[in-house]
Amino acid sequence: MPLLALDPCRRIRTAMDDQPDSRTLRVTEPRAVPWLSIVFGYGPMVPFLAGAAVAWGWRGEALGDAALLLTLLWGSAILLFLSGVRRGLSFRTEGGATLAQIATMIGLFGLGFAALVLTTLDEVVAALVLLILGFGALTILDPIAARRGEAPLFFARLRPVQIPLAILGLGALLALKL
């Protein structure tokens with residue numbers, strides 16, 4: 001006879017049995033941008049600017065082409081990541097996810113994934129346009145989401161300064177390819 005026999009019909013009590021069906025969260029957040037969000041907000045913008053500088057400085061050469069490709073892949077990855085951030089924020093929205101949050105997440109994901117696919121198909125201009133549209137949308141929509149309580153308050157201050165750095169780098173790459 002085994003040391004532990006489980007009867008599949010017997011209900012096993014878990015820690016969740018003592019939990020209420022809902023909970024109330026109270027969040028106090030500053031309007032100021034936290035230092036960690038400065039580091040992880042502006043840090044990922046550097047490759048956009050560096051990639052554009054290298055692509056322009058070594059245009060027509062292997063290094064310039066590699067910088068362009070890596071910047072496109074980086075931009076796609078960051079846009080996909082930020083779509084996940086939007087989805088994650090929606091899990092803690094008072095009253096549940098809003099249609100705007102879900103639509104924004106799907107839109108950002110779609111643009112990021114399509115840009116990734118276009119990059120692999122060597123459709124560089126189209127990929128750049130989609131990335132610029134996606135990051136442009138974030139510049140506008142994140143401050144709105146912050147004011148509506150769907151994103152941290154500091155997004156209203158961070159995104160209008162942070163995201164244009166990506167758009168600047170992507171725009172420089174687009175100018176290079178046109």
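The values are calculated or read from the model by the stated rules, or taken from the named source; none is laboratory data. As the structure is a prediction and not an experimental result, all values here were calculated from the model. Backbone-built Cβ (ideal geometry, glycine too); neighbour counts: all protein chains shown.
Give segment 1-49 a look and list any residue that's surrounded by fewer than 10 Cβ atoms within 10 Å (Cβ to Cβ), of a type in the set (K, R) and at pLDDT 70 or above, or say none.
R26
Going through T139, T93, T119, T98 one at a time, which residue ends up being polar (S, T, N, Q), surrounded by 19 or more Cβ atoms within 10 Å (Cβ to Cβ) and out of contact with any strand residue (DSSP E or B) (no Cβ under 6 Å at 6 or more places or on another chain)? Spell out the reasoning first.
Values: T139 fails: surrounded by 19 or more Cβ atoms within 10 Å (Cβ to Cβ); T93 fails: surrounded by 19 or more Cβ atoms within 10 Å (Cβ to Cβ); T98 fails: surrounded by 19 or more Cβ atoms within 10 Å (Cβ to Cβ).
Sole residue among the options that is polar (S, T, N, Q), surrounded by 19 or more Cβ atoms within 10 Å (Cβ to Cβ) and out of contact with any strand residue (DSSP E or B) (no Cβ under 6 Å at 6 or more places or on another chain): T119.
Looking at the structure I just gave you, is L176 part of a helix (DSSP H, G or I) and free of Cβ contacts under 8 Å to residues at least 60 places away in the same chain? Spell out the reasoning first.
Details: part of a helix (DSSP H, G or I): yes; free of Cβ contacts under 8 Å to residues at least 60 places away in the same chain: no.
Taking the combined requirement at face value, the residue does not satisfy it.
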